[in-house]
1. Give the long-range amide H neighbours of R235: residues separated by 5 or more places, or on another chain, with amide H under 5 Å away, using H modelled in the peptide plane at 1.01 Å from N.
2. For every other residue with a beta carbon closer than 10 angstrom to the beta carbon of K283, add +1 if it is Lys or Arg and -1 if Asp or Glu, then tell me the sum.
3. At 7 Å along the Cα-to-beta-carbon direction for both I529 and R319, put a label point, then send me their distance in nm to one decimal.
4. Order these by the 10 Å Cβ neighbour count, fewest first: I602, I420.
5. Taking a spot 7 Å from the Cα of D272 along the direction of its beta carbon, which residues of the range 129-155 have an amide N less than 20 Å from it?
6. Suppose R0 equals 60 Å; then what is the FRET efficiency for Q312 and H670 from their Cβ-Cβ distance, rounded to the nearest 0.05?
7. What whole number of Å gives the distance from the Cα centroid of the range 597-633 to the Cα centroid of the range 261-305?
8. When only C-alpha pairs under 8 Å and at least 6 residues apart count, what is the relative contact order of the range 91-166, in percent?
Amino acid sequence: MNDSEYESDKEDKCIPRFKKKSEWNPPRSKNDNLESFISSIKTEVKSSVSGKRLRNLSEQESQAINNLKSRDDIVIKQADKGSAVIPLLDIINQSWEEGIIPLNWRRANVKFIKKLYKPNYNLPSSYRPISLTSVVAKLMERIITYRLEGFVEMNNIMDQEQEGFRHFRGTTNALLSLTQAIFNGFNKDKTTIVIFIDFEKAYDSVWREGLMVKLYNDGIKGKMWMWINAFLSHREARCMVNNYKSPWFQTSIGLPQGSVISPILFNIFIKDIFKSVSADCCKFADDATIWHSHSDPKVIQEKLQKDLNQVQKWSNDWRMKLSIQKTEYSIFSKEKNKVQNIKLKLGNTILKYNPNPVILGLKLDEQLNFNSHIESTVKKAKRSLGIIREIKGIALIPTKTLIQIYDSLVCSIFNYASSIWQSSTSSHLDKLNEIQRKGLALCLDLPSQSSLEALEVLSGTLPIDLRREEMAIRELGKINSYSNNVPIKRKFEIWKEEKNPEKYISPLGKMYQQTEDMKDTELVDIDKIEPQYEYQGLVSVIRAPDYWRNIGSSKSRTTAQIEEGKQIISEQLQSQTPNTAVAFTDGSCLGNPGPCGAGAIIYINDKEEKLKRPVSNKGSILLAELIAIKMVLDYIESFSKEQINTLTLFSDSQTALGILTLNWKSDSYHQTINEIKGKIKNLNEHGFLINLNWTPGHANIKGNDEADSWQKKLLKKQKH
């Protein structure tokens, strides 16, 4: 595609006038996988979607670049008010349909941000280039990224070891995977050698044509492929330093840093880098790590060298240059004297050995006692205290605000990855308490020698050790709720099954001990935490039937609405075929939350079956309604297809039915919801037709009223 395939009034105009569709076409296949996208992925963008993305744009993103700034700001502000939504949607949908992107959407002003703690800021490598792009283009990117994430996650395209820029993932998962493996080696008298792989200008060196091949091979085709290809083609940039602006120049490789869609595209590009290696591995975006554990270091060296050769081959094949200077290795062993003369090569260059590597902000040491990390943490915290001292000196700031600043600048440093390094020696951990005392005394304007306990009480600040324990318990509870697709969850399950006594307590061992102590004292068991909702990608919400809204609420329903509801349900019942089971369900709760129960009445060939069960001593109406539906499905599963081939179920809970049939979002009861959906799917696969319908509650509809009465009797018995 070339720049003549679209036109605009001027180079810097943000709203283009498109010409007719270009005759250029990307490669397509007869079995275009775009058809496998759910319908909402390949359809045009709706105003509700664009409005949501508009509201999610941050303040920084709403500040557009250079001469695009004023026009973009006007478009965004007017669109957020609603007056420009339709024209903006027309532009977005035409870009999506035709795979054409105006030049201004592909231009970037590149600013250079200092990297922290670099020794020499006269070197270009001490700065990170950030691309500032059109806000309208950024809005379009958000919509495309949301759809792309859905397809990638639902089709398991991404490698499971990638923890960066994914839902429910983070740096802690990657750090736990590595440190737990090292401790497992310690406890089995094994040495672990780790290689920290560094890409040379990772985002800036992505081979765009190679990326498009990978996207196509992964089934990302059709309009999605066309749009991404147009987004990456003929990009232009210019450098901005102070008030200087360079001429525009074309970029032929790389992904723009600062772009919304770049992280997921980069993850897709490097997802197969470790496909041919035998080592354990973890990744967070471009931070890649591999390791082996063994009692004989020479065996590890041999295995890692083979793996390095495979990584080198991948980098040559996909034109991603590895940084020989920054790729390094470390040796972790409790008996370091046994580990000698280890040499690993990347190409013809021997890798540098680093006894104190830093990975994702965590500083490691050879015996993993984390003393060096705490020393580094203390230095960072002292710098932050200096900032607070300067702020306090130039302005009269309320004490409450100072404590909030302390919590943001200092406590955040203490909290990061604390569940991993909390096993450090008490003498080093006490250094953090000294920082806390000085910081709180500064905020409260009290002597620095004041009692730490008194300062914590006066400021309402949690002691550091209790904060670490709380975060560790929360972290393990989150890990325990993951699905088994997440690597750290699998490692936790394996660790529990082995039940080996630990000579050197590991991060998971410490966290597990803390959760067991909590269970003994507070009766809180992480095994009873509801499994985390799995990211399902893009799911379109289905419109509810009109009668849901027309009949109104039971509290304000008119006589005419009651009659209309009875007429609708009567017509639905009269249309039932033979071998159909008709069920009415209801749930009730005293207190919400409070004691709740579920009831149902099922009619099968003129026979009536009543079901009832208590649900929870402290549940909600929604839970009771869901359990009532589940009870009926459990009952129907006992019948053969010859006896019953259709179930028509009526519930008076629009929320429950909306979640189950209309893709409404639920913030709770994910396990119960998934079980119900699984049962419906299983019954459908065995030839049963399941119809879930809403019936107005308290509208003199016989089945519904009987189900309501039946479960309320149960609830009264349950209460007594």
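1. Excluding prolines and chain starts, which carry no amide H, the hits are T251.
2. Details: positive: K271; negative: D159, E161, E163, D286, D287.
Surrounding charge for K283 is -4.
3. Using points 7 Å along Cα→Cβ, the separation is 4.5 nm.
4. Values: I602 23, I420 26.
The most exposed by this proxy come first: I602, I420.
5. Hits in the range 129-155 for D272 at 20 Å: 149, 151-155.
6. Efficiency for this residue pair is about 0.85.
7. Their Cα centres are 51 Å away from one another.
8. Values: 45 pairs, mean separation 19.0, N = 76.
The value is 25 percent.
No value in this document is a laboratory result; all are computed from the given coordinates. Note that the structure is predicted; figures quoted are calculated from it, not measured. Ideal geometry is used to build each Cβ from the backbone, glycine not excepted, and the neighbour counts take in all protein chains shown.
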